[in-house]
Each structure stands twice: as structure tokens, then as C-alpha cells.
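Here is the structure we will look at.
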Amino acid sequence: MNNYLTSTIFRKVLASLSGLFLVTFLVGHLVGNLQLFIPGVQGQTQFNKYALFMTTNPVVQALSIITYSAILLHIFITLFLVIQSRRARPVGYAVSNGNDSSGWSSRNMAILGTVLLFFLVIHLKSFWYKMHFGEMPYQYLSDGTKIKDLYQVTTSAFQNPFYTFFYVFCMGALSLHLKHGVESAIQTVGLRIPSYEKLFKYAAIAVAFSIPAIFASIPVYLYFTNI
Ligand code: HEM
């Protein structure tokens, strides 16, 4: 048992489970962010009330702590696995096997992960940090209460074409990262059952394409509707 806990396979299982958990976070985050498509004061009010709920509800706060832990675990474990495999094979293969199924994304997971880490730092600084610790504009509701106007912060951030482009670019990296990540996680946790192999492969491709594409459509929509 002790050997298993320090084994590479256990670390791969942890990397896979944390990664799959983060995909469920992404789906939830995406659904919440879709409210940014609602135009006008109705969208602003709905999104700001949603943001208030997400930052004050104790169940959501507990889920957030689990999410931050999963992000840290995923980063540290995958970093460790990369270092370990480089140490085991310091010089890469001179010729890659043309028949192997490893595509560009599988060989570059570390680069893609680093791009995503950079994205996350910028992203959290722009919205999460500002919402929790920064100076925020307020929206005054019809009943006189005032709530933090995260809608305004978000929509104005995407009036900057470079910031918008940066998001679209990073969603490309997310797509490639998910394509290999989801497929390999399914295999690692033992879900690659032969009769469902094709189904899982298509499900991984669908997840890897649709989640980043819908995420990317939000900044693009906000940029073009606020020009
Ligand atoms: C591209 C469209 C996206 C938009 C408009 C967006 C917007 C936001 C906003 C407004 C917040 C602050 C919410 C709050 O503090 O209550 C937030 C938090 C966050 N975002 Fe995003 N996001 C996007 C994509 C992503 C992606 C692709 C990831 C991950 C790769 C991500 C990861 C996070 C995390 C981890 C938090 C902190 C969540 C928490 O405190 O529980 N976001 N996002």
C-alpha cells in the first residue's frame, strides 16, 4: 500500500482525477458565464446577483476551496511527473515513431499547461482578485441596495482587443490541453473499456472542442457588442 501511494501510477491517477474534476468546474463556470450574453440592465442585474451568490454562499465557498486545491494538486503532480519522466529519459527520442498515436498536444502538455497557468494568473487577477480584494464599481438596484458590479468590470475588460485576443488564444491552448488530457485521464482511471473506446474518444473530442469554443465566444461577443 505504501509503495502504491508513492508510485507513478498513483500520481497519474491523482493528476487524472484532479483534471476530470476541473472539467466539471469548467462546465459550471461556463454555464454561469453564459449570463453575460443577456443584454442590458437585466443581464447586468442577473450576473451581479449571481456573482454575489457565488461569493457569499457557504456551499459554493467550500466548492471554491476544493477547486483551488484541485488546481494546485493538478499543477504540482503534473510538474512532478514531467520532471520525473525527463530524469528517466534526459535525451528525447531522436526519431518519433510515426505510427504512435501521440499528437502534438500529447507531446506538449507541459507547454500548454504553462500557457494555461499564465492565463489563470492574469484571469484571477482581473476578476477574482478585484471582486474579493480590489476596488469595485457598484450597481444600485431598484430597491435601493447596492451590489458589486462585476458585470461592468467583465464587459469593460473585453473592450480591449489585446485582452480579448489573449483569451481566444488561451482557449485554443485549453482545447489542445483538454483533448489529450481527457483522453489520457479516461485511460488512466481504467474507463477505456474496449466496447466503449470510440464513444469515449468522441466524448473527449466534444468536450475539448465545445467548452473552450463557448468560453471564447463570450469575450468575442462582448468585444463586438461594445465597440
Ligand atoms: C473566457 C471566458 C471567462 C470569463 C468571462 C470568466 C469570468 C470569470 C469571473 C467574472 C470570475 C470572478 C468570479 C468571482 O470571483 O465571483 C472568474 C473566476 C474564476 N475563473 Fe473564470 N472566466 C472565463 C474563463 C475561465 C477559464 C477558461 C478558466 C480556467 C481555465 C477560469 C477559471 C476561473 C477560476 C478558477 C475562478 C475562481 C473561481 C472561484 O473563486 O471559485 N475561467 N472567472
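What follows draws every value from the coordinates through simple rules; no lab data is involved. Please read these numbers as outputs of a predicted model, since none were measured by experiment. Positions of Cβ are generated from backbone atoms using ideal geometry, with glycine treated the same way; all protein chains shown enter the neighbour counts.
Once a ≥ b ≥ c are taken as the square roots of the eigenvalues of the Cα gyration tensor of the chain, is the result rounded (a/c under 1.5), prolate (a/b larger than b/c) or oblate (a/b not larger than b/c)? Because a/c hits 1.5 or more and a/b exceeds b/c, the chain counts as prolate.
For GLY43, neighbours were defined as the other residues whose beta-carbon sits under 14 Å from its Cβ, and their charges (Lys and Arg +1, Asp and Glu -1) total 0.
Helix-only arithmetic for the chain: the sum of -39500 (n - 2.57) across DSSP H runs with n ≥ 4, divided by the residue total, places the mean residue ellipticity at 222 nm at -24500 deg cm²/dmol.
FRET efficiency for the pair ALA203 and GLN61, taken as 1/(1 + (r/R0)^6) with r the Cβ-Cβ distance and R0 = 35 Å, rounds to 0.70. Charge tally for GLU135 (other residues, Cβ to Cβ under 15 Å; Lys, Arg +1; Asp, Glu -1): +3.
With charges set only on the Cβ (+1 for Lys and Arg, -1 for Asp and Glu), what does the dipole of the chain come to about its Cα centre, in debye to the nearest 20? With Lys and Arg at +1 and Asp and Glu at -1, about 560 debye.
Roughly how tilted is helix 197-225, in degrees to the nearest 10 and between 0 and 90, from the longest Cα axis of the chain? Compared with the principal axis, the helix lies near 30 degrees.
Here the Karplus curve 6.51 cos²θ - 1.76 cosθ + 1.60, taken at θ = phi - 60°, turns the phi angles of segment 112-128 into couplings of 4, x, 5, 4, 5, 5, 4, 4, 5, 4, 5, 4, 5, 4, 5, 10, 5 Hz, with x standing for Gly and Pro. Lysine pairs in the chain whose alpha-carbon atoms fall under 18 angstrom of each other, counting only those eight or more residues apart or on distinct chains, come to 9.
With the simple model of a label 7 Å out from the Cα in the direction of the Cβ, PHE169 to GLN187 spans 3.1 nm. Dividing the C-alpha radius of gyration of segment 127-174 by 2.2 N^0.38 Å, with N its residue count, gives 1.45.
Here the simple spin-label model places points 7 Å from the Cα toward Cβ, and for THR8 and LEU120 these points are separated by 2.4 nm. In plain terms, the residue of SER217, SER175 with the fewest other Cβ atoms within 10 Å comes first and the most crowded comes last, giving SER217, SER175. When the charge dipole of the chain is built from unit charges on Cβ atoms (+1 for Lys and Arg, -1 for Asp and Glu) and taken about the Cα centre, the candidate among VAL82, GLN159, ALA208 whose Cα reaches farthest toward its positive end is VAL82.
Angle of helix 161-188 to the longest C-alpha principal axis of the chain, folded into 0 to 90 degrees and rounded to 10: 40°. Taken over segment 1-89, the percentage of Cα pairs per 10 Å bin, counting from 0 up to the bin with the maximum distance, is 15, 33, 24, 16, 9, 2. Between amide H atoms placed 1.01 Å from N, distances below 5 Å from GLY134 occur with no residue 5 or more places distant or on a separate chain.
Ordering HIS123, HIS177 by the number of other Cβ atoms within 10 Å of each residue's own Cβ, fewest first, gives HIS123, HIS177. Among LYS49, LYS12, the ranking by other beta carbons within 10 Å of each residue's beta carbon, starting with the fewest, stands as LYS49, LYS12.
Only one residue of GLY113, PHE224, THR45 has its Cα farthest out toward the positive end of the dipole of the chain, where Lys and Arg carry +1 and Asp and Glu -1 on Cβ, and that residue is GLY113.
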